[in-house]
């Protein structure tokens, strides 16, 4: 299978707190895991990614973790701001097909 | 940044009519993709291409055809449009082995 499950579908957090989004994948050949942010009416834009040779990556308030054994990866946004409110998609790319399978998305709302 | 453009940006079609969505990228990427985005489903892959002359079926190809006449252009064709094809369609391009996909601005299609 190539499904990617993403939870939660809606996430509301207070400004300044952290937010976490979790994804699981089925295809053991997946080796690349990007995260996209989509503002209303806009296209998805890559914000951070991680490859299967890493367990953790951090950039500008974003942390991604990858647990290959559990086929699970997650995005953590620290010190959330109103500008972080958006849809977030995780994805998994197979090393043998180049196809990217997306999760169903998480709508993050950062409350003032 | 990668430049991917789509036309038209908005389209109203009648059931049974033919619809062609166009995508152009100026970054000389080999891979191009067509997705549709629907609430609750995230981004689903319809067709993709590895280069000029190649088209491959994605996860939901039924009712759609694709054409890649050149490196720069990738079209999605709905020969007999149906209301269930009302959606937002995104084109993307990327390089094999570099993994990152760059999305176009999207086309909002309404089939009446």
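The values are calculated or read from the model by the stated rules, or taken from the named source; none is laboratory data. Computed from a predicted model, the values in this text were never measured in an experiment. Cβ: placed from backbone, ideal geometry, glycine included. Neighbour counts: every protein chain shown.
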Across region A:86-99, the tally of residues that are touching a strand residue (DSSP E or B) at 6+ places or on another chain (Cβ under 6 Å) and over 18 Å from residue A:64 (Cα atoms) stands at 2
Quick check on residue B:109: is it in a strand (DSSP E or B), within 27 Å of residue A:46 (Cβ to Cβ) and in contact with a helix residue (DSSP H, G or I) (Cβ under 8 Å, 6 or more places away or on another chain)?
yes
Kindly indicate which of B:82, B:20, B:86, B:55 is at negative phi and without any contact (Cβ under 8 Å) to a residue 24 or more places away in the chain.
B:55
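Taking residue B:77 as the residue in question, decide whether it is outside any loop (DSSP other than H, G, I, E, B), more than 30 Å from residue A:7 (Cβ to Cβ) and touching a strand residue (DSSP E or B) at 6+ places or on another chain (Cβ under 9 Å). Can you show your working first?
On the way: outside any loop (DSSP other than H, G, I, E, B): yes; more than 30 Å from residue A:7 (Cβ to Cβ): yes; touching a strand residue (DSSP E or B) at 6+ places or on another chain (Cβ under 9 Å): yes.
Against the criterion (outside any loop (DSSP other than H, G, I, E, B), more than 30 Å from residue A:7 (Cβ to Cβ) and touching a strand residue (DSSP E or B) at 6+ places or on another chain (Cβ under 9 Å)), residue B:77 qualifies.
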Within region A:97-112, is there a residue that is away from chain B (no Cβ under 14 Å), assigned to a strand (DSSP E or B) and surrounded by fewer than 17 Cβ atoms within 10 Å (Cβ to Cβ)?
yes
Kindly check whether there is at least one residue in region B:9-29 that is closer than 16 Å to residue B:94 by Cβ and within 11 Å of chain A (Cβ to nearest Cβ).
no
Please work out which residue is farthest from residue A:36 (Cα to Cα), limiting yourself to region A:72-85 and to residues that are crowded, with 17+ Cβ neighbours inside 10 Å and more than 12 Å from the chain's Cα centre (by Cα).
A:80
Restricting attention to region A:69-96, which residues are in contact (Cβ under 8 Å) with a residue 40 or more places away in the chain, closer than 22 Å to residue A:56 by Cβ and away from chain B (no Cβ under 14 Å)?
A:70, A:71, A:72, A:73, A:74, A:75, A:76, A:77, A:78, A:79, A:80, A:84
From B:56, B:79, residue being surrounded by fewer than 22 Cβ atoms within 10 Å (Cβ to Cβ) and under 20 Å from residue A:98 (Cα atoms)
B:56
Answer with yes or no whether residue A:63 is in a strand (DSSP E or B), at pLDDT 95 or above, under 16 Å from the mean Cα position of the chain (by Cα) and away from every other protein chain (no Cβ under 13 Å).
yes
Quick one: which residue in B:89, B:35, B:102 is surrounded by 14 or more Cβ atoms within 10 Å (Cβ to Cβ), at pLDDT below 95 and either over 10 Å from the mean Cα position of the chain (by Cα) or within 14 Å of another protein chain (Cβ to nearest Cβ) (or both)?
B:102
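Of the residues A:15, A:26, A:2, which single one is at negative phi and within 16 Å of the chain's Cα centre (by Cα)? So that I can check it myself, show each step before the final result.
Working: A:15 fails: within 16 Å of the chain's Cα centre (by Cα); A:2 fails: within 16 Å of the chain's Cα centre (by Cα).
Going through A:15, A:26, A:2 in turn, the sole match is A:26.
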